[in-house]
1. Scan region 110-123 and tell me whether some residue there is under 23 Å from residue 66 (Cα atoms) and in a helix (DSSP H, G or I).
2. Please go through region 453-474 and pick out each residue that is under 25 Å from residue 433 (Cβ atoms), modelled with pLDDT of 90 or more and crowded, with 16+ Cβ neighbours inside 10 Å.
3. Just give me the residues in region 245-299 being touching a residue at least 60 places away in the same chain (Cβ under 8 Å) and in a loop (DSSP other than H, G, I, E, B), in sequence order.
4. Given the condition within 26 Å of residue 364 (Cβ to Cβ), at pLDDT below 90 and in contact with a helix residue (DSSP H, G or I) (Cβ under 8 Å, 6 or more places away or on another chain), answer yes or no: does some residue in region 430-437 qualify?
5. Note down all Cβ pairs under 9 Å where the first residue falls in region 60-79 and is more than 14 Å from residue 174 (Cα to Cα), the second is outside any helix (DSSP H, G or I), and they're at least six residues apart or on different chains.
6. So if I check each of 394, 366, which one is assigned to a loop (DSSP other than H, G, I, E, B), modelled with pLDDT under 90 and either within 21 Å of residue 559 (Cα to Cα) or assigned by TED's automatic domain parsing to the domain that holds residue 130 (or both)?
7. Give me a count of the residues in region 177-227 that are under 19 Å from residue 283 (Cβ atoms) and in a helix (DSSP H, G or I).
8. Within region 554-583, take every residue that is part of a helix (DSSP H, G or I) and modelled with pLDDT under 90 and give me the one that is nearest to residue 415 (Cα to Cα).
């Protein structure tokens with residue numbers, strides 16, 4: 001989860017409807033043209049058929065209700081019971097249609113959510129977009145967008161789409177009913193609904209921006225709470241409770257302030273909508289009451305008119321009646337659309353880099369070779385190493401040292417492909433032949449076996465090999481905590497010290513045995529004895545390796561020393577004491 005940057009929302013809140021419509025069409029089209037299009041189109045067809053059937057039953061109900069009220073007015077018993085039977089029959093059919101309609105809608109929404117979330121997750125990991133999004137100014141909390149926003153989007157998209165379809169069919173069906181009673185009713189209903197929709201838009205257009213902001217601020221608050229949980233020990237050591245408390249209160253305050261603004265605008269909208277809806281009960285009576293009192297229509301037509309007018313008004317007033325929900329829905333489309341567009345940009349940038357290349361990359365080599373490679377920060381604003389040259393064969397080793405911020409870890413990021421900026425040539429094996437050990441290893445949920453096999457999900461070592469490696473890196477006491485059960489799941493991040501986590505990372509290395517490994521302060525939490533033992537094992541494994549570190553005692557384990565200096569300068573020297581193997 002990434003913390004949301006505090007970026008201005010004005011350019012997002014004022015997104016034009018054309019761009020939002022394009023984003024909606026783009027996401028919808030991708031689903032209905034995906035590998036699940038057969039089932040998706042089938043469910044959509046079922047929904048449309050059920051929607052038509054429901055409108056037809058509703059029209060029949062209005063006529064059955066008219067006959068029922070007319071029979072009551074005339075005190076006609078046989079006609080009354082016949083109309084009552086037809087009236088109840090339409091209710092039974094409507095119930096069945098509604099149940100199956102709801103099931104079909106939820107099934108299609110779930111299918112869409114599953115596909116869209118899987119699609120975004122795939123693209124999130126493709127080309128390491130999850131890593132590159134950390135510096136994005138337009139994307140806050142991608143985790144929320146993929147989970148909560150996708151769920152809301154799929155449910156609301158279907159709901160509003162079918163609401164529009166049903167409204168159009170209802171409008172067509174009941175306009176005929178109103179026209180058969182009075183043409184004036186049709187004109188009044190259309191004019192009244194159009195005026196109401198316009199006024200709703202004028203009063204509540206600010207809600208779209210406020211709901212976009214609500215998504216961001218709610219995610220900020222959730223992120224703050226998760227951050228406290230993930231860093232509980234550090235906060236406790238620092239006694240940072242007050243500072244964290246103040247920060248969370250500020251985040252909560254932003255959520256509350258935003259919700260107050262939404263409440264105020266909903267209040268303004270509520271005054272108009274309630275007045276609009278109550279007045280809608282009177283308008284048709286003003287037209288048909290004189291017709292009834294003059295004897296030109298029976299009483300049943302009056303009740304049918306009220307129902308038909310309400311149906312027509314509801315169909316035409318769909319935006320006015322649902323503006324609050326629509327504003328939240330439009331904000332959700334914008335959030336998903338921006339994520340979708342940014343992932344498209346990353347894909348295009350990756351293709352362009354592969355085609356043009358800011359530096360030439362050869363992933364078929366059996367060695368690691370840098371030829372006049374210039375290393376820059378991702379934005380290209382800072383030079384870290386200029387015309388860097390070295391070659392690393394298997395069984396060879398280099399240590400990179402320099403002042404903090406000189407770019408030591410940046411060279412490893414460039415070799416890994418995380419920072420593609422710069423110029424020159426980079427040769428190395430494919431990434432599955434390499435392994436990178438950061439200073440703080442990543443502990444995955446699951447058992448000790450899962451920890452040791454990470455990131456592999458298909459290659460599994462047997463228990464004998466795992467126990468041998470556990471003994472090699474001095475993790476026997478960790479195994480004892482789970483009573484020797486390799487498959488017991490516990491919270492390893494909070495159970496293991498940083499030094500133990502680093503030894504778990506080296507156990508992963510010895511189980512995987514890549515061609516080359518890159519150690520970025522990977523032994524910083526180990527004592528000298530454990531560090532010496534680990535490097536002995538690395539040297540005995542014949543794996544080529546590059547280390548980044550500050551400790552002078554690390555130099556003895558490497559054949560060469562790469563010293564980074566200021567302004568991109570560097571110097572490569574042979575280890576004056578010789579490699580560890582020669583000691």
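1. Looking through region 110-123, none of the residues is under 23 Å from residue 66 (Cα atoms) and in a helix (DSSP H, G or I).
2. 466, 469, 470, 472, 473
3. Scanning region 245-299 gives 297, 298.
4. Yes, region 430-437 has at least one match.
5. Listed by first residue and then by second, the contacts come to 69/298; 70/76; 70/298; 73/298; 74/298.
6. After ruling out the rest, the residue left standing is 394.
7. Qualifying residue count, region 177-227: 23.
8. Looking at residues that are part of a helix (DSSP H, G or I) and modelled with pLDDT under 90, I get 568.
The values are calculated or read from the model by the stated rules, or taken from the named source; none is laboratory data. Note that this is a predicted model, so its numbers are computed, not measured. Positions of Cβ are backbone-derived with ideal geometry, glycine not excepted, and every protein chain shown enters the neighbour counts.
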